[in-house]
Every structure is written in structure tokens, then in C-alpha cells.
Amino acid sequence: MSAEPREEIIVHLGDRSYPVYIGYALLDSVNSMISDGVSKVAVVTQRNIGVLPEIDRPSEIFYISDGEHAKSLSTIGGLCSGFAQMGLNRKDLVLAVGGGVVSDVAGFAAASFHRGVAFAVIATSLLAQVDAAIGGKTGVNIPEGKNLVGAFWQPSFVVCELSALETLPERERRCGFGEMAKYAFLGAEELDMMPLRDQVSACVRVKASFVESDEREGDRRALLNYGHTLAHAIEAVAFGDSGTDLKHGEAVAIGLIFAALLAKRLGRIGQDRVDDHFRVVNSYGLGTKLPTGMDADTLVRAMFKDKKSFGSLAFVLDGSAGVEVVRDIDPSVVRETLLELENMK
């Protein structure tokens with residue numbers, strides 16, 4: 001285990017500013033990060049996480065189930081009932097310990113209970129450390145789509161415990177790599193050439209800069225959804241289908257390749273830039289093809305439900321001026337690109 005000191009990156013949001021701590025063996029410092037005014041802590045986690053800080057004040061642990069199925073309104077209702085039974089009030093704290101599913105669910109429950117209770121995150125997965133735990137976007141899924149119900153609720157602090165990554169299953173690590181790959185096109189140059197610790201820090205800095213300039217995703221922050229329009233459509237179509245085994249970061253990697261192919265088809269980039277996308281995605285050992293059995297028309301219908309769509313197909317696409325939101329894209333062009341992606345060797 002490294003003895004290097006922790007790194008602290010501040011997400012500057014006025015009176016909602018908070019630190020993101022990156023390093024090893026940070027759990028012993030968690031109590032000093034919790035505000036003195038907090039009398040009780042509700043810890044939200046999953047049984048397979050295996051990481052729990054020792055809290056020096058009354059606390060209760062709430063376990064949620066694993067996987068995307070945990071991101072449901074019924075989970076939020078169960079947590080809020082548990083918070084009420086333990087006597088949690090608006091001066092207390094909800095502490096999420098786990099990956100992106102845990103931070104999404106715990107954050108939304110905290111935002112909802114008493115119309116807002118403070119929450120913080122101990123991020124134990126790579127995906128959570130570089131993306132999901134930072135920025136205050138919380139939410140759950142409904143049958144009609146992924147993350148369609150939620151709230152912006154900034155954490156009090158985020159801890160990126162790097163030692164937790166040492167026992168992270170390889171597939172969970174690749175899931176985080178899918179999110180990391182997008183940052184290579186959002187300002188973190190040569191990201192895949194860095195040591196893992198530096199990659200985490202670089203991603204946090206880029207994410208923080210986007211959040212600071214556009215906290216509620218009115219404009220610039222939407223660029224953080226690079227690769228996500230197709231990814232969310234894939235996840236929505238596959239939701240409840242036991243035959244499709246795909247994690248979020250894996251879907252994002254496919255979405256990045258699709259976005260590059262679409263941008264080329266629209267004349268925004270050349271083949272060399274498409275090759276850059278393949279190079280980055282391949283460097284992380286991620287797949288680039290659509291899951292078997294995905295129907296183009298079904299995916300296009302799911303994409304119309306994306307929060308960027310506003311009634312037309314919209315994608316975050318690369319171009320000569322960099323990555324930007326492009327609206328009113330012809331569905332036939334999207335279908336053609338999906339077929340190109342499906343037929344790639």
C-alpha cells in the first residue's frame with residue numbers, strides 16, 4: 001500500500017463547494033471529515049463492497065441490492081422509511097459507501113428525505129471515483145428509461161479510496177475504464193498513458209471543471225454524456241433481459257465508438273480521429289460492437305427518450321471545434337451508423 005499523501009481537489013460551487021480526497025488508507029480520516037453538527041449517520045452500501053469506516057457517532061447500516069435493479073423508486077422508499085425509523089434529521093448525514101449505483105441511490109434518498117439531508121461518498125469503484133460520485137447528479141431508473149427520476153444534490157465530501165481498487169474485480173475495473181475513456185476526449189490528454197492514480201486525479205479535475213461551469217447540466221456539462229446516448233439506450237433496451245450481460249462502462253465504450261462513426265458520417269471528423277477513438281477504447285480492453293440481438297429501430301426509439309433530445313435526436317459528437325452537442329440528427333443516419341457498428345469486424 002502506498003504511503004503517498006492524499007490529494008485534495010475542490011469542486012468550487014460557492015457555499016456548496018466540497019473536497020474530493022484521493023489516496024490510500026483514507027478511511028481512518030472519515031470521522032474528521034464529518035461536520036461536528038452531525039449527530040447520526042445513515043450508511044448506505046451493498047453487502048459485497050467489503051469496505052466500512054468506523055463511525056464515532058450513532059449510525060445504522062442500510063444494505064441495498066446489487067446491480068442496476070437497485071436503482072428504483074422502491075429502493076428510495078425503503079431507505080427513507082429506514083431513515084425515519086432511525087430518527088435521522090436534516091442536520092444528520094447519509095454516507096454512501098460503494099460504487100456508482102450506491103452513490104446514485106443514496107444521494108437521491110438524501111435529497112428526498114426531509115427535502116434534503118447532507119450526504120457524502122466513499123467511492124470504492126473506479127467508475128464512482130472518476131465520475132459517478134462527483135457532481136451531484138443522483139437518481140434512479142424507471143421502466144421507460146435510465147436515470148429519468150432524480151435530483152441534483154451535491155455531496156459534502158467525496159473520498160476516492162484507491163486501495164479499494166486493488167481488489168476490484170477485473171470486469172468492474174473495465175467498467176470504470178469505459179467512463180475514463182471519454183475523458184481522453186474531454187481534456188485529459190494521454191490519459192491512458194498515465195499511472196492509475198494520476199488517471200483518477202486527471203478525471204476528477206476535468207469532471208470538477210465541467211460541474212463548476214454548469215452545475216445543473218444546462219449546457220457545457222452535457223458534454224460529460226459523450227458516448228452515453230447510445231449507452232443509455234442499450235441499457236434501457238437490455239433492462240430486464242437476462243440474455244444481455246453489459247455493464248455501464250462497457251456500454252459507454254461502445255457509445256464512444258458509435259459517436260465517432262456518426263461524427264464521421266456527418267462530415268465532422270475524419271478517419272484518423274475515428275482511429276483515435278478505437279485506440280483509446282482498445283487500450284482499456286473494452287469491446288466496440290453492439291450486443292447481439294440489438295435492433296436498430298428499438299435503439300433509436302430509446303434514444304428519443306434521452307434527456308438531451310427535446311423531441312429530436314441529439315448526440316454529443318466530436319468535431320473540428322471539439323466535442324459539442326449536435327441536435328436534430330436524421331434518424332435514418334443514426335440507423336445507418338448502428339448498422340455499420342453492428343457489421344464491423
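The values are calculated or read from the model by the stated rules, or taken from the named source; none is laboratory data. The structure presented is a predicted model; accordingly, all values stated were derived computationally and were not measured. Cβ: placed from backbone, ideal geometry, glycine included. Neighbour counts: every protein chain shown.
If residue 112 meets every condition in (1) out of contact with any Gly (no Cβ under 6 Å at 6 or more places or on another chain); (2) under 29 Å from residue 186 (Cβ atoms) apart from one, which number is that one?
(2)
Answer yes or no: is there a residue in the range 112-124 that is of a type in the set (Gly, Ala, Ser) and under 14 Å from the mean Cα position of the chain (by Cα).
Initial filter on the range 112-124 (of a type in the set (Gly, Ala, Ser)): 112, 116, 118, 120, 123.
After this cut, where a residue has to be under 14 Å from the mean Cα position of the chain (by Cα) as well, the list is 123.
Yes, the range 112-124 has at least one match.
Of all residues in the range 1-22, how many are at pLDDT below 95 and of a type in the set (Gly, Ala, Ser)?
Residues that pass the stated criteria total 2.
Specify the residue that is surrounded by the fewest Cβ atoms within 10 Å (Cβ to Cβ); the eligible residues are those in the range 164-194 that are among the acidic types (Asp, Glu) and not in a helix (DSSP H, G or I). Walk me through how you get there before you give the answer.
From the range 164-194, those among the acidic types (Asp, Glu) are 166, 170, 172, 179, 189-190, 192; that's our starting set.
If we keep only those that are not in a helix (DSSP H, G or I) too, we end up with 189-190.
Details: 189: 11, 190: 9.
Within the range 164-194, the match that is surrounded by the fewest Cβ atoms within 10 Å (Cβ to Cβ) is 190.
Is at least one residue of the range 307-321 of a type in the set (Asp, Glu) and at pLDDT 95 or above? Break it down stepwise before answering.
Taking the range 307-321 as the starting set, the residues that turn out to be of a type in the set (Asp, Glu) are 318.
From the residues that got through so far, the ones that are at pLDDT 95 or above too are 318.
Scanning the range 307-321 turns up at least one residue that is of a type in the set (Asp, Glu) and at pLDDT 95 or above.
Conditions: (1) free of Cβ contacts under 8 Å to residues at least 12 places away in the same chain; (2) more than 20 Å from residue 54 (Cα to Cα). Residue 32 meets all but one. Number of the miss?
For residue 32, the exception is condition (2).
Among what's in the range 59-86 and is closer than 23 Å to residue 161 by Cβ, in a loop (DSSP other than H, G, I, E, B) and modelled with pLDDT of 95 or more, pick the residue that is nearest to the chain's Cα centre (by Cα).
71
Looking at this structure, is residue 341 in contact with a Leu (Cβ under 7 Å, 6 or more places away or on another chain), surrounded by 12 or more Cβ atoms within 10 Å (Cβ to Cβ) and not in a loop (DSSP other than H, G, I, E, B)?
Numbers: in contact with a Leu (Cβ under 7 Å, 6 or more places away or on another chain): yes; surrounded by 12 or more Cβ atoms within 10 Å (Cβ to Cβ): yes; not in a loop (DSSP other than H, G, I, E, B): yes.
It is true that residue 341 is in contact with a Leu (Cβ under 7 Å, 6 or more places away or on another chain), surrounded by 12 or more Cβ atoms within 10 Å (Cβ to Cβ) and not in a loop (DSSP other than H, G, I, E, B).
Given 213, 201, 156, which one is in the same structural domain as residue 30 (by TED's automatic domain parsing) and hydroxyl-bearing (Ser, Thr, Tyr)?
Numbers: 213 fails: in the same structural domain as residue 30 (by TED's automatic domain parsing); 201 fails: in the same structural domain as residue 30 (by TED's automatic domain parsing).
Of the residues listed, the single one that is in the same structural domain as residue 30 (by TED's automatic domain parsing) and hydroxyl-bearing (Ser, Thr, Tyr) is 156.
Going by the structure shown, is residue 197 outside any strand (DSSP E or B) and either out of contact with any Ser or Thr (no Cβ under 9 Å at 6 or more places or on another chain) or on the phi > 0 side of the Ramachandran plot (or both)?
On the way: outside any strand (DSSP E or B): yes; either out of contact with any Ser or Thr (no Cβ under 9 Å at 6 or more places or on another chain) or on the phi > 0 side of the Ramachandran plot (or both): no.
When the stated conditions are applied, residue 197 does not pass them.
Being surrounded by fewer than 16 Cβ atoms within 10 Å (Cβ to Cβ) and not hydroxyl-bearing (Ser, Thr, Tyr): is that true of residue 318 here?
Values: surrounded by fewer than 16 Cβ atoms within 10 Å (Cβ to Cβ): no; not hydroxyl-bearing (Ser, Thr, Tyr): yes.
Spelling it out, it is not the case that residue 318 is surrounded by fewer than 16 Cβ atoms within 10 Å (Cβ to Cβ) and not hydroxyl-bearing (Ser, Thr, Tyr).
Given 208, 188, 181, 236, which one is in the same structural domain as residue 296 (by TED's automatic domain parsing) and without any contact (Cβ under 8 Å) to a residue 60 or more places away in the chain? Give the steps one after another, and end with the answer.
Details: 208 fails: without any contact (Cβ under 8 Å) to a residue 60 or more places away in the chain; 181 fails: without any contact (Cβ under 8 Å) to a residue 60 or more places away in the chain; 236 fails: without any contact (Cβ under 8 Å) to a residue 60 or more places away in the chain.
The conditions single out 188.
Would you please name the residue that is surrounded by the fewest Cβ atoms within 10 Å (Cβ to Cβ), looking only at residues in the range 87-144 that are assigned to a loop (DSSP other than H, G, I, E, B), at positive phi and touching a strand residue (DSSP E or B) at 6+ places or on another chain (Cβ under 8 Å)? Lay out the reasoning, then the answer.
Taking the range 87-144 as the starting set, the residues that turn out to be assigned to a loop (DSSP other than H, G, I, E, B) are 87-92, 99, 116-117, 124-125, 133-136, 143-144.
In the following step, the residues that additionally are at positive phi were identified as 87, 116, 135-136.
From the residues that got through so far, the ones that are touching a strand residue (DSSP E or B) at 6+ places or on another chain (Cβ under 8 Å) too are 135-136.
Working: 135: 22, 136: 20.
Among residues in the range 87-144 that are assigned to a loop (DSSP other than H, G, I, E, B), at positive phi and touching a strand residue (DSSP E or B) at 6+ places or on another chain (Cβ under 8 Å), the one surrounded by the fewest Cβ atoms within 10 Å (Cβ to Cβ) is 136.
Residue check, residue 298 against (1) within 25 Å of residue 184 (Cβ to Cβ); (2) surrounded by fewer than 17 Cβ atoms within 10 Å (Cβ to Cβ), all met but one. Which one?
Status for residue 298: all satisfied but (1).
Residue 28 - would you say it is surrounded by fewer than 18 Cβ atoms within 10 Å (Cβ to Cβ) and in a loop (DSSP other than H, G, I, E, B)? Let's see the steps before the verdict.
Details: surrounded by fewer than 18 Cβ atoms within 10 Å (Cβ to Cβ): yes; in a loop (DSSP other than H, G, I, E, B): no.
No.
Out of the residues in the range 35-50 that are within 19 Å of residue 155 (Cβ to Cβ) and in contact with a strand residue (DSSP E or B) (Cβ under 6 Å, 6 or more places away or on another chain), which is surrounded by the fewest Cβ atoms within 10 Å (Cβ to Cβ)?
Ranking the candidates gives 49 first.
State all residues of the range 257-290 that are surrounded by fewer than 22 Cβ atoms within 10 Å (Cβ to Cβ) and of a type in the set (Gly, Ala, Ser); if no residue qualifies, say none.
Matches in the range 257-290: 267, 270, 283, 285, 287.
Kindly establish whether residue 222 is touching a strand residue (DSSP E or B) at 6+ places or on another chain (Cβ under 6 Å), touching a residue at least 60 places away in the same chain (Cβ under 8 Å) and in the same structural domain as residue 313 (by TED's automatic domain parsing). Show your work before the answer.
Numbers: touching a strand residue (DSSP E or B) at 6+ places or on another chain (Cβ under 6 Å): yes; touching a residue at least 60 places away in the same chain (Cβ under 8 Å): yes; in the same structural domain as residue 313 (by TED's automatic domain parsing): yes.
It is true that residue 222 is touching a strand residue (DSSP E or B) at 6+ places or on another chain (Cβ under 6 Å), touching a residue at least 60 places away in the same chain (Cβ under 8 Å) and in the same structural domain as residue 313 (by TED's automatic domain parsing).
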